[in-house]
1. For region 1-107, how big is the tail of P(r) above 16 Å, as a whole percent of Cα pairs?
2. Taking only Cα atoms of region 537-664, what ratio of Rg to Rh do you get with Rh as the Kirkwood inverse-distance radius?
3. Would you mind putting 622-629, 47-54 in packing order, based on average other-beta-carbon counts within 10 Å, highest first?
4. Going toward the positive end of the dipole of region 457-589, with +1 on Lys and Arg Cβ and -1 on Asp and Glu Cβ, which of LEU539, VAL463, ASN526 do you reach last?
5. Assuming 1.567 mPa s and 4 °C, estimate D for region 424-483 with Stokes-Einstein, Rh taken as the Kirkwood radius over Cα pairs, in µm²/s.
6. Of the heavy-atom accessible surface of region 290-334 (probe 1.4 angstrom), what whole percent is carbon and sulfur?
7. With the other protein chains left in place, how much accessible area per residue, in square angstrom, belongs to region 355-508 at a 1.4 angstrom probe?
8. Over region 122-249, with every protein chain in place, what whole percent of the accessible area is carbon and sulfur at 1.4 Å, could you tell me?
Amino acid sequence: MSRVYQPSDYVVEKSRLPSFEKYKEMHKKSLEDPEAFWSEIAKEFHWQTPCQPGKFVSYNFDIDKGDIFVKWLEGATTNVCFNVLDRNIRNGHGDKIAYYWEGNHPDDYSRITYKKLLDSVCMFANALRENGVRKGDRVAIYMPMIMETVICMLGCARIGAVHSVVFAGFSPDSLAERMSDCKAKVLVTADGAWRGEKLLVLKKTCDQALEKARTKHNHEVSLCIVVSHLGRVKPCGKMDDIKKLYDWNYNVDVWWHEIMEGQSPICAPEWMNAEDPLFMLYTSGSTGKPKGVLHTIAGYMLYATTTFRYVFDYREKDIYWCTADVGWITGHTYVVYAPLANAATSLMFEGTPFYPDNDRYWSLVEKYKVTQFYTAPTAIRALMKFGDELVTKHNLKTLRVLGSVGEPINPEAWLWFYNLVGNKRCSIVDTFWQTETGGHVLTGLPGASPMKPGAAGFPFFGVEPTLLDESGKVIEGPGEGYLVFSRPWPGIMRTLFGDHARYQKVYFSKFKGYYCTGDGARRDENGFLWVTGRIDDMLNVSGHLLSTSEVEGVLTEEHSVSEAAVVSKPHPVKGESLYCFVILNEGVQFGPELIDALKKRVRNRIGAFAAPDVIQYAPGLPKTRSGKIMRRILRKIALGDTDIGDTSTLADPSVVDELFKSRP
Ligand code: WTA
């Protein structure tokens, strides 16, 4: 049984929610009377017209009763940009710093106040309007982590245009496909950006993508706005003349600074309906083309604001840092909308944790006196490899809340984060959520929730999680099954752009009446929820349902293992067996002794049925650019089947060959 960690006095003191009892009370209230709960928070915002009486929330989750829909605050009109900027300025936060910006090179940094941010957003919004962008039009964004990215997103929100951010690591093909699918009118990008010592020439990728959109998808983007970024930062590696790195198409391309010139810093917001779209963001589907997840105005704003406030226990003078790229949902909600809605001060970082040294994250926490640090387990595991001294040499005593997101965090990484980075006194919030959920749905709350290493914890306000078995029967009390939700919270997605039928099929058809996350979860004897990974990562060994991440957690407890990935391999007697890939820490020898030790450890920790059949040494793992392991490919390697299909979304396709070579 895992040890339970209670929030320290340091965290509980002054916490906005200082006890678990209080959390339970609020959670109960949020389910019993959603309107009373959320309208209290809605009062803080500006509504141009109020919500119609009796229309606060309506939905249908049961496909047999008709089309699936979710609506919050029907009839109300508002503007998200107005609420996250103008409203805060009216409340006296105009001179407060909205963002500290730190470039890839440590010599590049700046800051921007709420007032200054509003001026720039209005100028850009006016420029968009001048170029024919109207309410409902889609604007594609392919940008590095710079201030203009935020300005651009909020500029869209101000005039009711729908932004569609594509992570600036995607290939020209992927960008072309996404721009064409949403029929983007405009693309916004930068000439390039440094990631460590590597130069990304974003404009060149955009040129190729615009060409492919035209020729392959018959879609013409009429305007490409380009931020001139490379000229204003220090070069971090070798670089030719910037202008020679890409072409300039005078019919389409225009410089950001040129269209901003002479624009007024005043721009009337477009008053939007509560259920008008705010943005769309593509997420990968298990089959076929990417899914354009669509979020709407009012519900998303309420939910983002509330989760941020409670999950990070945000206080007025805090300095908050989320390391996620704006190209992912974590960046949308917890780098842009939620912190701004709370008038918070954030750090936005352009670079990588490994440049110029492997302690960049810790040196930034020290430099900016960060109070909340929100990152991903994959980053934590990568940083653990370099030893403790890189952490301990920095003063991290301002930290109060540590966040984790993106995958289940293995207990080894959790303990390292807790003990070393958090110095045993910070609370860790393991936030489970998805592009589709808009904000955190399962998580701990810093001053209130007890913690167990590796458990996501408890439902956020308004969220009612249910575990179902294969036949759709509800699992009460302790047990493991499909994680589903029986009712909507304000921030849940409303549809897939242009494909409501697919939305209904993917999320609402497996279990009638429920939103299906596609993840498995376990409820333990204390009511903690443990997300066990995607359902397709579950395996059944001799009738025992096992989650791959559970086994991975055990493997990485071995000090010599830095990362592990486990897949299922068909087995004639057991049905399925465990095939494990392990990445080792520097200087560790792979051999029969280590294999034995690892097998024994799994057998001891989980049970004899869980003992792995194969442990393979892995020089690296096939990961997507967002860091997700592509288990589909690992399953092929386990089988020795070289027909692995499409590898275009891999960050580094060469690891696949290496893994085939290192098969035992
Ligand atoms: C996984 C990222 C366990 C999960 C915000 C989910 C997690 C998918 C956690 C969504 C967590 C995310 N614990 N698993 N704390 N957070 N996941 O859409 O499988 O990029 O379904 O959203 O990541 O990934 P997405």
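The values are calculated or read from the model by the stated rules, or taken from the named source; none is laboratory data. Given the structure is predicted, the values throughout are model-derived calculations rather than measurements. FYI the Cβ positions are ideal-geometry reconstructions off the backbone, even for glycines, and counts take in every protein chain you see. Just the protein is used for accessible areas: all its heavy atoms, side chains included, with ligands, DNA and RNA removed. Shrake-Rupley method; radii C 1.70, N 1.55, O 1.52, S 1.80 Å.
1. Result: 77 percent of Cα pairs exceed 16 Å.
2. That ratio is 0.94, to two decimals.
3. So the order, starting with the most tightly packed, is 622-629, 47-54.
4. VAL463
5. In µm²/s, the coefficient rounds to 100.
6. Of the solvent-accessible surface of region 290-334, carbon and sulfur hold 54 percent.
7. In whole numbers, region 355-508 has 31 Å² accessible per residue.
8. Carbon and sulfur together cover 46 percent of it.
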